[in-house]
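The values are calculated or read from the model by the stated rules, or taken from the named source; none is laboratory data. Since we're looking at a predicted model, the values are computed, not measured. So basically every Cβ, Gly included, is an ideal-geometry build from the backbone, and we count neighbours across all protein chains shown. Just the protein is used for accessible areas: all its heavy atoms, side chains included, with ligands, DNA and RNA removed. Shrake-Rupley method; radii C 1.70, N 1.55, O 1.52, S 1.80 Å.
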Amino acid sequence: MINLNFSKLEENYLFTEIARRTDEFVRANPDKRVIRLGIGDVTRPIARVTADAIINAVEELTHTETFRGYGPEVGYVWAREAVKRYYSTYGIEVDADEITIGDGIGEDIANVTDLFDKGGCTVLLPDPVYPLYKATSLIDGQRIIYIECNKANNFLPTPPDFGSDVVYLCSPNNPTGAAFNRRQLQEWVDYANRVGAVILYDNAYERFITDDDCPHSIFAIPGARSCAMEFNSLSKTAGFTCVRSGYNMIPKELVRDGVSLLRLWQQRQTTKYNGAPYMTQRGLEATLTPEGLRQADENIHYYKRNVKLITDVLDRKGWYYTGGRNSPYIWLECPNGMKSWEMFDLLLNELYVIGTPGVGFGEYGEGFFRLTTFNTYEKTKEAMERIDRYHF
Ligand code: PLP
């Protein structure tokens, strides 16, 4: 009667366990200044133009003349046009009809699984992986095949020599911070077109890209329109983690079993969803203007200064790491063959610094550790000075 696949989900062990060990330490050592470099959420405020647009939108709703009821389930035309214009700043032409506005992409990435045959798909998941893709694939009873990411491939998975139906790719990646260049992404697009797979491309950290060779969208890659859909969020781009706004792009050419996936998604949304809030769509529209992006990018630059604080120390220590250049995440190899949780305990107990054990993102994350750049400059500096001084 009920979907027993839920029993396959692991409890939220990783973050619960981090909180448990941290609380225990803080209780026993109230005098120690603990610094959190495990934060996976933004901390800088939203842009003024974004806030003004949201406030104005709320104000409009208080007057009969400007009040609004339900909006279009797939998003207002002006919001979709704003996304289209944003893509064009990267030289990518998309049709506004191919864009859908939502409440952030955690939801969209989970909901898009409705389009696929539950229990009937082979899903490729890079490991380590953002836990959502694994959880939804388990809930749907899909057959999961993990693709090992490791030092040899710089934590950038390469296509296998067998077929699949659905492939999750996230670039720049959470947790590893690694980002595909054009050639690497082209290999995945060619693979998907060859075997008929659909790539679900999570682009949440696109705004952190600095390398020219790393595409800001999978649609910068020839052939992507017939095999990929893309999800992008304002959460990390513009501090929208509590505001909630994101969008996805499904090209008209993406057809499987004779069915357009865009059409299916629109059917799904118009059936199960009543549209993103008017206010957040006005916020999205304002954020994607040149001035909105300029203001939002100030925060990205702030986090980037923290990247330098972290990677300077790692470079000095000669530790292997990925990420940072194109991402707010830095994924480092624990020194002296330490396991992920050993590294966690050492940093907590000796240096009062908290990070995230890599093994929490999959078995190939064992021996690795994630640091994030979302804390303040001052605290990040202090944490990295402690790590720099310590003899591992
Ligand atoms: N995808 C990745 C890789 C993320 O790291 C996150 C949030 O941390 C999300 C999706 C969820 O984004 P949203 O806030 O738009 O739901």
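Pull up segment 347-358, narrow it to residues that are touching a residue at least 40 places away in the same chain (Cβ under 8 Å) and not in a strand (DSSP E or B), then point me to the one that is farthest from L9 (Cα to Cα). Give the derivation first.
Looking only at segment 347-358, we keep the residues that are touching a residue at least 40 places away in the same chain (Cβ under 8 Å), and these are 347-350, 352-358.
Remaining after also requiring not in a strand (DSSP E or B): 347-350, 352, 355, 358.
Numbers: L347: 29, L348: 28, N349: 30, E350: 33, Y352: 31, G355: 23, G358: 18 Å.
My answer is E350.
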Go through segment 209-247 and give me each residue that's within 9 Å of the ligand (Cβ to nearest atom) and surrounded by 21 or more Cβ atoms within 10 Å (Cβ to Cβ).
F231, N232, S233, L234, S235, K236, F240, S245, G246
Can you find a residue in segment 199-208 that is open to solvent by 10 Å² or more (accessible area, probe 1.4 Å) and of a type in the set (S, T, N, Q)?
no
If T372 meets every condition in (1) under 25 Å from R27 (Cβ atoms); (2) surrounded by fewer than 18 Cβ atoms within 10 Å (Cβ to Cβ) apart from one, which number is that one?
(2)
Mind checking whether some residue in segment 253-273 is of a type in the set (S, T, Y) and in contact with an Asp or Glu (Cβ under 6 Å, 6 or more places away or on another chain)?
yes
Taking segment 64-104, which residues are surrounded by 14 or more Cβ atoms within 10 Å (Cβ to Cβ) and among the acidic types (D, E)?
E73, E81, D97, E98, D103
Sole miss for R294 among (1) open to solvent by 60 Å² or more (accessible area, probe 1.4 Å); (2) more than 22 Å from R44 (Cβ to Cβ) is condition (2)
Being modelled with pLDDT of 95 or more, among the aromatic types (F, W, Y), in a helix (DSSP H, G or I) and surrounded by 13 or more Cβ atoms within 10 Å (Cβ to Cβ) narrows it down to one of F15, F25, so name that one.
F25
Among E73, E93, E81, the single one that is over 21 Å from the mean Cα position of the chain (by Cα), free of Cβ contacts under 8 Å to residues at least 12 places away in the same chain and more than 16 Å from the ligand (Cβ to nearest atom) is E93
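I need the full set of residues from segment 109-133 which are near the ligand (Cβ under 8 Å from one of its atoms) and buried (at least 18 other Cβ atoms within 10 Å of the Cβ), in order please. Spell out the reasoning first.
Residues of segment 109-133 that are near the ligand (Cβ under 8 Å from one of its atoms), as a first pass: 109, 130, 132.
Once the filter is applied, which keeps residues that are near the ligand (Cβ under 8 Å from one of its atoms) and buried (at least 18 other Cβ atoms within 10 Å of the Cβ), segment 109-133 yields I109, Y130.
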